[in-house]
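K.L.:
Right, I'll just put the structure down here and ask away after.
The values are calculated or read from the model by the stated rules, or taken from the named source; none is laboratory data. Since the model is a prediction, treat every value here as computed from it, not as a measurement. Heads up, the Cβs are rebuilt from the backbone with ideal geometry, glycines too, and the neighbour counts pull from every protein chain shown.
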């Protein structure tokens, strides 16, 4: 890992590394620039991501591609209705000498792809809660630390309701971003078809190592923020809380619950990283607005009136901005 003489030099290095990463990822993933940026932002902010989209939008491929461009351990868990918590965190087994031995599960990796996370019952979903918050798991009364850095990148299909278990709000709040994937444009889909129906496959170079990610995560935390940007972020979150002193008319009319303090924290950390990725050394209000939608989307709950009138979460957030 390279040593930097100043935070300014380190910020320039992160900006350069981000451009290298996006160039490498674009060999496999066509379009989806904003999605790639948000996932990488979460990586540099020590956050987790939930990617929501209909089948065939390359959610899983995107995560695998990002993992391939980072020199870190990667594991994939395909969530199914019969999956047990021990299938994720691991379990104690008897060895040949009849002693208990802990066998690590797939959660012991730097990047964990939780594929179709809403297909498994809440008992198994909850197995990730401690891992996502504490970066550790507890099995048979013993605590086991997970490797650093550690990210959960989960996918979810929004249109299929049969045999699915919606994530509880407490677990949704652990995800820094809820990223909605849309259909590709006509031009992008043409390129996708050309790239994926031939014999030649792009090879990816590994751009960053685990130590580089850890150093950049610490750098993001050290980025200075002026008070008016922090105040804007906190006021924005307070506007989402119905019947609170700063509640907006939209919140009072259309929301059941607003966002909690984690939203305020993520807005600032996300804005810091967004500023660096855009070549700046300190975030402004525009950087907060750039990350507000994926941070707030899964943290506010609409009431019956909003659902009846077709008032979407995205529309409410845009009006608050």
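K.L.:
Any residue at all in segment 53-67 that's in a strand (DSSP E or B), within 19 Å of the chain's Cα centre (by Cα) and crowded, with 21+ Cβ neighbours inside 10 Å?
P.N.:
Checking segment 53-67: not a single residue is in a strand (DSSP E or B), within 19 Å of the chain's Cα centre (by Cα) and crowded, with 21+ Cβ neighbours inside 10 Å.
K.L.:
Against the condition closer than 26 Å to residue 186 by Cα, part of a helix (DSSP H, G or I) and out of contact with any helix residue (DSSP H, G or I) (no Cβ under 8 Å at 6 or more places or on another chain), how does residue 34 come out, does it pass? Spell out the reasoning first.
P.N.:
Details: closer than 26 Å to residue 186 by Cα: yes; part of a helix (DSSP H, G or I): yes; out of contact with any helix residue (DSSP H, G or I) (no Cβ under 8 Å at 6 or more places or on another chain): yes.
In short, yes.
K.L.:
Regarding segment 109-123, can at least one residue be identified that is touching a residue at least 60 places away in the same chain (Cβ under 8 Å) and under 20 Å from residue 156 (Cβ atoms)?
P.N.:
Taking every residue of segment 109-123 in turn, at least one turns out to be touching a residue at least 60 places away in the same chain (Cβ under 8 Å) and under 20 Å from residue 156 (Cβ atoms).
K.L.:
Here's a follow-up. Quick check on residue 295: is it under 29 Å from residue 26 (Cβ atoms), part of a helix (DSSP H, G or I) and in contact (Cβ under 8 Å) with a residue 60 or more places away in the chain?
P.N.:
When the stated conditions are applied, residue 295 passes them.
K.L.:
Out of (1) surrounded by 13 or more Cβ atoms within 10 Å (Cβ to Cβ); (2) in contact with a helix residue (DSSP H, G or I) (Cβ under 8 Å, 6 or more places away or on another chain); (3) not in a loop (DSSP other than H, G, I, E, B), the odd one out for residue 221 is which?
P.N.:
(1) is the only condition that residue 221 fails.
K.L.:
Just checking, does segment 21-31 include any residue being part of a helix (DSSP H, G or I), outside the structural domain of residue 299 (by TED's automatic domain parsing) and either closer than 12 Å to residue 276 by Cα or without any contact (Cβ under 8 Å) to a residue 40 or more places away in the chain (or both)? Can you show your working first?
P.N.:
As a first pass, look at segment 21-31 and keep what is part of a helix (DSSP H, G or I): 21-25.
Now narrow it down to the ones that are outside the structural domain of residue 299 (by TED's automatic domain parsing): 21-25.
Now narrow it down to the ones that are either closer than 12 Å to residue 276 by Cα or without any contact (Cβ under 8 Å) to a residue 40 or more places away in the chain (or both): 22-23.
Yes, that holds for at least one residue.
K.L.:
Let me ask something else about it. Give segment 124-155 a look and list any residue that's under 24 Å from residue 59 (Cα atoms), free of Cβ contacts under 8 Å to residues at least 60 places away in the same chain and crowded, with 19+ Cβ neighbours inside 10 Å, or say none.
P.N.:
124, 125, 127, 128, 131, 150 - these are the residues of segment 124-155 that are under 24 Å from residue 59 (Cα atoms), free of Cβ contacts under 8 Å to residues at least 60 places away in the same chain and crowded, with 19+ Cβ neighbours inside 10 Å.
K.L.:
Okay, moving on. Given the conditions (1) free of Cβ contacts under 8 Å to residues at least 40 places away in the same chain; (2) in a helix (DSSP H, G or I); (3) over 21 Å from residue 181 (Cβ atoms), and given that residue 17 satisfies all but one, which numbered condition is not satisfied?
P.N.:
Among (1) free of Cβ contacts under 8 Å to residues at least 40 places away in the same chain; (2) in a helix (DSSP H, G or I); (3) over 21 Å from residue 181 (Cβ atoms), residue 17 violates only (1).
K.L.:
In segment 243-256, what residues are touching a residue at least 60 places away in the same chain (Cβ under 8 Å) and not in a helix (DSSP H, G or I)?
P.N.:
248, 255
K.L.:
Residues that are in contact with a strand residue (DSSP E or B) (Cβ under 6 Å, 6 or more places away or on another chain) and under 25 Å from residue 55 (Cβ atoms): list the strands (runs of 3 or more DSSP E) wholly contained in segment 126-195 that include at least 3 such residues.
P.N.:
Filter on segment 126-195 gives 151-156, 177-180.
K.L.:
Quick one: in segment 10-50, which of the residues that are at pLDDT below 85 and surrounded by fewer than 17 Cβ atoms within 10 Å (Cβ to Cβ) is farthest from the chain's Cα centre (by Cα)?
P.N.:
27
K.L.:
Oh, and also: Is it true that residue 109 is assigned to a loop (DSSP other than H, G, I, E, B), buried (at least 20 other Cβ atoms within 10 Å of the Cβ) and either over 21 Å from the mean Cα position of the chain (by Cα) or assigned by TED's automatic domain parsing to the domain that holds residue 145 (or both)?
P.N.:
Considered against the rule, which asks whether it is assigned to a loop (DSSP other than H, G, I, E, B), buried (at least 20 other Cβ atoms within 10 Å of the Cβ) and either over 21 Å from the mean Cα position of the chain (by Cα) or assigned by TED's automatic domain parsing to the domain that holds residue 145 (or both), residue 109 comes out as yes.
K.L.:
Still on this structure, I have one more. For the list (1) in contact with a strand residue (DSSP E or B) (Cβ under 6 Å, 6 or more places away or on another chain); (2) not assigned by TED's automatic domain parsing to the domain that holds residue 12, I need the number of the one condition that residue 220 fails.
P.N.:
(1)
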